[in-house]
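As C-alpha cells, the structure follows; a few thoughts come after it.
The values are calculated or read from the model by the stated rules, or taken from the named source; none is laboratory data. Note that the structure is predicted; figures quoted are calculated from it, not measured. No Cβ is skipped: glycine too gets one built from the backbone with ideal geometry, and neighbour counts run over all protein chains shown. We work out accessible area using only protein heavy atoms, side chains counted, and drop any ligands, DNA or RNA first. Shrake-Rupley method; radii C 1.70, N 1.55, O 1.52, S 1.80 Å.
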Amino acid sequence: MINNPFDDNGHGTHVAGIIADTLSAYNTICDYELIPFKTHDRNGVSTLFKVSCATYQSVLDSVDFINDSWGFFGQPSPILRGAMDTAAFNNILIVTAAGNDGLNLNNQKQYPACYAYNGMDSIVTVGATAGFGKDQETGELYPAPAFFTNYSPGFVDIMAPGFQVESAAPSWQTIPTIERSGTSMATPMVTAGAAIAFCCNQNDA
C-alpha cells in the first residue's frame, strides 16, 4: 500500500521504540515527532531507490535527524549519495548503523556508514557495545564492543549499547516488547541523544 508505514517485519517498530524510550527518559522542554518511512519489506529487504526516496521525503518534511538502521555492501550508490548530499545541504544529521559482520570497515566498506563528508558533520556512524570489559592494569570498567559490531577508527564515530536491547514490538506479534541485538539498536540511542542535545542547544539549556 502506498504511504502506509505498517511494520510487517518488526525491525522498524523496535528501532522507533528505542528512540521514544530514550527521549522519554529525559525531562526536556522540547516536543519530539517521529515520522516513520516504510523502506524495507517484510523480509527486511529494500532497494536503493526506496531508501533514496525516503531520504528525499525526509528533506521535504523538514526533519532534523534521519535514523538509518540499515546498510549494504558493494559500490557506493550515486543515487543514494545524491539524496544524502541533499539532506546534508539542508542541515539534517544522518545517524547510521555500522553493521553486524564483525568487519573492519577500512577493508570492506558498508554504506551509508562509510560515506564521508569532508569538513561537514553530516553523518554519524554507530557501532554497538555489549556489557563491560575490565582494564587489566587499572581495573577500570569500559564499554566492551559487541562481538558482531563492525569497526573502524576512521568510519565509526561512536558506540552505544546494542546487545539484547528491549523495545517495542508490533501489535501483530502479540507481545508488547522484544529483545533484539545489533548496531541497528545502538543507532537510535544516538539519534535520540542527538535530538536531546539539539533541543537543549536551541533552548539555551
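Numbers below:
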quantity: Criterion (of a type in the set (Gly, Ala, Ser) and touching a strand residue (DSSP E or B) at 6+ places or on another chain (Cβ under 9 Å)) met by exactly one of GLY12, GLY17; calculated: GLY17
quantity: Filter result (out of contact with any helix residue (DSSP H, G or I) (no Cβ under 7 Å at 6 or more places or on another chain), open to solvent by less than 70 Å² (accessible area, probe 1.4 Å) and either in a loop (DSSP other than H, G, I, E, B) or under 21 Å from VAL124 (Cα atoms) (or both)) within segment 151-180; calculated: SER152, GLY154, PHE155, VAL156
quantity: Some residue of segment 113-135 being in contact with a Pro (Cβ under 7 Å, 6 or more places away or on another chain) and surrounded by fewer than 18 Cβ atoms within 10 Å (Cβ to Cβ); calculated: yes
quantity: Number of positions in segment 23-67 that are among the charged types (D, E, K, R), closer than 19 Å to PRO170 by Cα and open to solvent by less than 70 Å² (accessible area, probe 1.4 Å); calculated: 1
quantity: Unmet requirement for PRO143, which otherwise passes all of (1) farther than 23 Å from CYS53 by Cβ; (2) assigned to a loop (DSSP other than H, G, I, E, B); calculated: (2)
quantity: Verdict on GLN108 being open to solvent by 80 Å² or more (accessible area, probe 1.4 Å), without any contact (Cβ under 8 Å) to a residue 12 or more places away in the chain and not basic (Lys, Arg); calculated: no
quantity: Residue within segment 88-96 that is open to solvent by less than 30 Å² (accessible area, probe 1.4 Å) and among the small types (Gly, Ala, Ser) present; calculated: yes
quantity: Meets criteria (part of a loop (DSSP other than H, G, I, E, B) and buried (at least 19 other Cβ atoms within 10 Å of the Cβ)) for ASP7; calculated: yes
